[in-house]
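Below: one structure, written as structure tokens.
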Amino acid sequence: MFNFSRTQGSPAAAEPPEDRRETRAELLQRIQHLMEKNSRFELRFRDVVGAYKSVLKEKAALEQTVAALTTPDDGGGEGDAANAGARAGSSDEATVTLAEEQQKPAAAAAA
């Protein structure tokens, strides 16, 4: 069942066969290649982290914009025309326009 021909503590068991053994130069070249590969991954990771942080900032800005645009109106539900006028900067003009629009059908019905 088990092959005990080599003892576990012997150096022969820890070393690979002669044909698979790498020279010092090959090992140094392999280490250099892995270090270059690691530095490329580190740069990519930094780029991804930077992009993620910028996306989070943009998301926060968009959420603030949406929150500002969707706040309940303080007008007490006066209608879209009054709210549109308030957004345009002059609620008095919107009220006058709304009053004029309400008088037109009454004037047309009287005539």
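The values are calculated or read from the model by the stated rules, or taken from the named source; none is laboratory data. Everything numeric in this text was worked out from a predicted model, so none of it was measured. Glycine also receives a Cβ, built like all others from the backbone with ideal geometry; neighbour counts cover every protein chain displayed. Keep in mind that these areas ignore ligands, DNA and RNA; they rest on the heavy atoms of the full protein, side chains included. Shrake-Rupley method; radii C 1.70, N 1.55, O 1.52, S 1.80 Å.
Using a 1.4 Å probe, how large is the accessible area of residue 70, given in Å² and rounded to the nearest 10?
Result for residue 70: roughly 100 Å² accessible.
Label residue 47 and residue 30 with points 7 Å out from Cα along Cα→Cβ: what is the distance between them in nm?
2.9 nm
Calculate, in nm to one decimal, what residue 64 and residue 20 gain on full extension: separation in residues at 0.36 nm each, minus their alpha carbon distance.
Contour length minus the Cα-Cα distance gives 9.6 nm.
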